[in-house]
1. Taking the criterion of being in contact (Cβ under 8 Å) with a residue 24 or more places away in the chain and touching a Phe, Trp or Tyr at 6+ places or on another chain (Cβ under 9 Å), would at least one residue in segment 246-261 satisfy it?
2. Find all pairs meeting these conditions: Cβ atoms under 6 angstrom apart; at least six residues apart or on different chains; first residue within segment 115-126 and open to solvent by 100 Å² or more (accessible area, probe 1.4 Å) and of a type in the set (S, T, N, Q); second residue at pLDDT 85 or above and part of a strand (DSSP E or B).
3. Would you mention how many residues in segment 43-73 are modelled with pLDDT of 80 or more, in a loop (DSSP other than H, G, I, E, B) and touching a strand residue (DSSP E or B) at 6+ places or on another chain (Cβ under 8 Å)?
4. Please work out which residue is farthest from Q102 (Cα to Cα), limiting yourself to segment 127-154 and to residues that are open to solvent by 100 Å² or more (accessible area, probe 1.4 Å) and part of a strand (DSSP E or B).
5. Report whether or not Q36 is over 30 Å from T139 (Cα atoms) and either charged (D, E, K, R) or out of contact with any helix residue (DSSP H, G or I) (no Cβ under 6 Å at 6 or more places or on another chain) (or both).
6. Say whether the condition of being within 30 Å of P329 (Cβ to Cβ) and touching a Gly at 6+ places or on another chain (Cβ under 8 Å) is met by at least one residue in segment 255-269.
7. Just checking, how many residues over segment 459-502 are open to solvent by 70 Å² or more (accessible area, probe 1.4 Å), part of a strand (DSSP E or B) and small (G, A, S)?
8. Pairs please, first residue from segment 77-91 and of a type in the set (S, T, Y), second anywhere and open to solvent by 50 Å² or more (accessible area, probe 1.4 Å) and in a loop (DSSP other than H, G, I, E, B), Cβ atoms under 9 Å, 6+ apart in sequence or on different chains.
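The values are calculated or read from the model by the stated rules, or taken from the named source; none is laboratory data. In this text, all values refer to a predicted model and were calculated from it rather than measured experimentally. Virtual Cβ from ideal backbone geometry, glycine too; neighbours counted across all protein chains shown. To get the accessible areas, we keep the full protein, side chains included, count just its heavy atoms, and leave off ligands, DNA and RNA. Shrake-Rupley method; radii C 1.70, N 1.55, O 1.52, S 1.80 Å.
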Amino acid sequence: MVGECSPCAETSVQHCRCGKEKQSRPCAQLTWSCNQVCGKLFPCGKHWCQETCHPQGTCGECPRSQAIRLCPCGKTSTHNLPCTEDVPCCGDTCGKALSCGQHQCTEKCHYGSCSQCLQFSVKSCRCGARQKEMPCVKTFTCEVRCQKKKSCGRHVCKRRCCDGVACSTCDQICGKKLKCGNHKCMSVCHDGPCYPCTITIDKACSCGQTVVSVPCIRQKVAQPPKCRRPCLHKSKCDHQTIQKHACHFGDCPPCILVCGRKLTGCDHSCQSRCHDSVSVKIQTEKKVLAGPWEQHTPSYTTLIRQPCPPCPFPTSVQCKGQHETSVLPCSNSVIYSCKRECGRELPCTNHTCTLECHVVSGESGGGGESGTECQTCEEACSQPRPKGCTHPCIKPCHPKACPPCKQGVKTRCHCGVTVIYTPCHEWTNPQFNKDEKLSCPGLCPKELNCGHPCSLKCHPPGQCRSKCIEKVTLRCKCRTIKQTVACHLAVDKVIECTEKCKQQQPHQSPPTSSDQGSQSEAPEEEVESVLLPGRRQRKRKERTTSVDESESFISMQLLKKYCPIVFIVLSVLAAFYFAITAEN
């Protein structure tokens, strides 16, 4: 036959256009696409090709490196913009066609795909019976059921929003309910009325002793026969017998006797009306149906046994802290808190418990003694301190008197040389002899009027000896006779020359005027030496000042070097001493 040959029916392994995948395909279809993104890097080195499978080497230039680039909506152009920068949105309306094909995007110029169309339009349903204004993106189906009859001419299609194609021939059973209302026609679907029901049923009373036969069609109309016999139903409550009544349908009337059951938690009995079998209507919860094949569960009535109500008998109840007594129903007769402060005296005897009303163990009555449940007093000691004591009590709040304060009071002795630490309770004691305590073992460094130092030990100011007992030497005018006496006696005592002085003196020429002057001056010097022997010692001291100054300089240097060490050692020893005394 002359003409074109038919396509080749053989298969071969062929690569896709981009060359990433290969498949066994008919030879007639050599070109095919794998539908994968190319993903090759553009010459710009910043972006990748986003086109689906295409021939190799046809990626071209980066679409973002064009000389003129448009904004996302395509209304505004930008020149010579680097490919790494996005074209800014122009701010105008997008205007692109939406997926509905009827409206345009009303948003401002933006990147990415446009959102769904939110505009409304009038749409017709599948069967064409209804029209509705709704969003373009939604499909409208109405709830109208198809009213077209099937081939039998009696049964209706009843399919929702039917387009008329699905209606088929009828092969169902007639299924019409007969006039009796209890049975259905079991014949094949037919035209015209069904045959009447020929079944008869027996209608009996509740106990079944009285029976009447009636046609099925009259079952709903016919009343059950009246029965004069007593009701044979058993009591559904705890009472063995209830009020007598005739045979009946349905539940027996409720029991009107007193319940009489013993209540739990007390010794009283329930005085309410019998509630062992109470008719209660159960309302089922409505839920969202999954389809027309599901139905709501109807509400129903059932008999339940209700619990006895709370015991209403009045009882007297005390609060937890026994502050008050209230009359409460027996069911609520539980120990309660009156919300007051406890108010019981704490063991410190200075404060009261501030906790809310609580149980206090070990109490037989409403006494004011605190218990183990009361709070522990955490206040500081508030008792007044002894007169003169400035230290706080070291113990927390406590009964009785505070212990003696053993804090050390730092003072100096009368002479100011020695630091003395005295316990505070001894220092503030009126009977404590402070003058004796402040006297150190050293001598008083003060000088008397005569110039001699006080010879007494360290003593209070103003108690130095008025009469100096230092020994001084007195001489006569010729300085031949000398005598040692106490300093306070040397002022008024004068030693006269004797015959012995005249015998020992050499024979001298009569004194000249110059000799007389010297003789007149000598007694004055002698008197000064006699009257003020301390001054002579001062002169001797002045002679040795140069030596003493060098020695005092050396002693001061040593004192500066070792004084801090000695002070630290003494402080540690004093602290250790007072710590031991405080523990004892």
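1. no
2. Close Cβ pairs (under 6 Å, with a partner that is at pLDDT 85 or above and part of a strand (DSSP E or B)) do not exist here.
3. The qualifying residues number 6.
4. Just the residues of segment 127-154 that are open to solvent by 100 Å² or more (accessible area, probe 1.4 Å), to begin with: 130-133, 138-139, 143, 147-149.
Among the residues that remain, those that are also part of a strand (DSSP E or B) are: 131-133, 149.
Numbers: Q131: 18, K132: 17, E133: 14, K149: 38 Å.
Applying the filter and picking the extreme gives K149.
5. Numbers: over 30 Å from T139 (Cα atoms): yes; either charged (D, E, K, R) or out of contact with any helix residue (DSSP H, G or I) (no Cβ under 6 Å at 6 or more places or on another chain) (or both): yes.
Answer is yes for this residue.
6. Start the filter on segment 255-269 by keeping residues that are within 30 Å of P329 (Cβ to Cβ), which leaves 255-269.
Now restrict to residues that are touching a Gly at 6+ places or on another chain (Cβ under 8 Å): 269.
For segment 255-269, residues within 30 Å of P329 (Cβ to Cβ) and touching a Gly at 6+ places or on another chain (Cβ under 8 Å): present.
7. Within segment 459-502, residues that are open to solvent by 70 Å² or more (accessible area, probe 1.4 Å), part of a strand (DSSP E or B) and small (G, A, S) number 0.
8. T78/P88; T84/K46
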